Amino acid sequence: MIVSASNKHLEQILFIERASFSKPWTEYHFKSDLNNKISMNWVFLKNDQAVGYLFGWHVMDEYHLNNIAVAEPFRGTGIGVHLLKNMELHLKEIEVKSVFLEVSSSNLPARKLYEKMSFLPKGERKDYYTKGDDAVLYTLEF
Ligand SMILES: CC(C)(COP(=O)(O)OP(=O)(O)OC[C@H]1O[C@@H](n2cnc3c(N)ncnc32)[C@H](O)[C@@H]1OP(=O)(O)O)[C@@H](O)C(=O)NCCC(=O)NCCS
C-alpha cells in the first residue's frame, strides 16, 4: 500500500536512507521536506512498515524527483515501479507536465528502473556527485 509520507515514517525512512546511500539525506533534510508545502512524498508500506519511499518537489507544472529508495530485502520485487506509477497517477491529476531527476551514471539499477518507466536521458553533469561520478539527467513528459 502506498500512502503520503509523514513524520511517523521518518525513523524507517532514515534507516533505509542510511543503508542505501554513501551520502544519505539527514533527518533535518527529511523533516524539512515533510513539512514543506511544495514537497510531495510517498511511502510504500508492508505490514504497516515503510519499506520504500519517493520524495520530490512540485513546482508549477513540474515535479523534481529528489529521492527514491527501497529497503534492500525488498528490492527487485516491483516496489520501485509501484512508487513511480503512483507518483505518475497523482501528478497527472494535478496537471503536472514533466518530471525531472538526476542519477549517478554508475547507478544501473536506478537507471534501468527509470528507463523501464519511460524516462528519457537528457544530458549529463560531469563530476556532479564527486570527481569521476557524473550525473545523468532524466525527464518524463506526460
Ligand atoms: C533503484 C531502486 C529504487 C529500484 O527499486 P526496486 O524496487 O528494487 O525496483 P523494481 O523491483 O521495481 O524493479 C524495476 C526495474 O528496475 C530495474 N532494476 C531494479 N533492480 C535492478 C538491478 N539490481 N539491476 C538491474 N536492473 C534493476 C529493472 O529494469 C527492473 O525491471 P525488471 O524486474 O522487469 O527487470 C533500488 O534498487 C534502490 O533503492 N536502490 C538504492 C537507492 C538508489 O540508488 N536510489 C536511486 C537514486 S537516484
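Points worth noting:
- Pairs where the first residue, in segment 1-26, is outside any helix (DSSP H, G or I) and the second is open to solvent by 80 Å² or more (accessible area, probe 1.4 Å), C-beta under 6 Å, 6+ apart: PRO24/ARG18
- Residue among TYR129, TYR114 that alone is assigned to a strand (DSSP E or B), surrounded by 15 or more Cβ atoms within 10 Å (Cβ to Cβ) and touching a residue at least 12 places away in the same chain (Cβ under 8 Å): TYR129
- Residues that are surrounded by 15 or more Cβ atoms within 10 Å (Cβ to Cβ), closer than 16 Å to PHE100 by Cβ and out of contact with any helix residue (DSSP H, G or I) (no Cβ under 9 Å at 6 or more places or on another chain) within segment 30-74 comprise GLU62, HIS64, listed in sequence order.
- The set of residues in segment 42-93 that are of a type in the set (Asp, Glu) and either near the ligand (Cβ under 9 Å from one of its atoms) or more than 16 Å from LEU140 (Cβ to Cβ) (or both) comprises ASP48, GLU72.
- A residue that is among the hydroxyl-bearing types (Ser, Thr, Tyr), more than 10 Å from the ligand (Cβ to nearest atom) and in contact with a Lys or Arg (Cβ under 6 Å, 6 or more places away or on another chain) can be found somewhere in segment 128-142.
- If you go through segment 95-142 and pick out every residue that is among the polar types (S, T, N, Q) and either over 17 Å from HIS64 (Cβ atoms) or over 18 Å from the mean Cα position of the chain (by Cα) (or both), you end up with 5.
- Pairing each residue of segment 68-85 that is in contact (Cβ under 8 Å) with a residue 60 or more places away in the chain with any residue that is near the ligand (Cβ under 6 Å from one of its atoms) and in a strand (DSSP E or B), provided the two are 6+ apart or on different chains, yields C-beta distances under 9 Å for LEU83/ILE68; LEU83/VAL70.
The values are calculated or read from the model by the stated rules, or taken from the named source; none is laboratory data. Since the structure is predicted, the reported quantities are computational estimates derived from the model, not experimental observations. Please note: Cβ atoms are built from the backbone with ideal geometry, for glycine as well, and neighbour counts cover all protein chains shown. The protein model used for the area step is the full one, side chains on, heavy atoms only, and it has no ligands, DNA or RNA in it. Shrake-Rupley method; radii C 1.70, N 1.55, O 1.52, S 1.80 Å.
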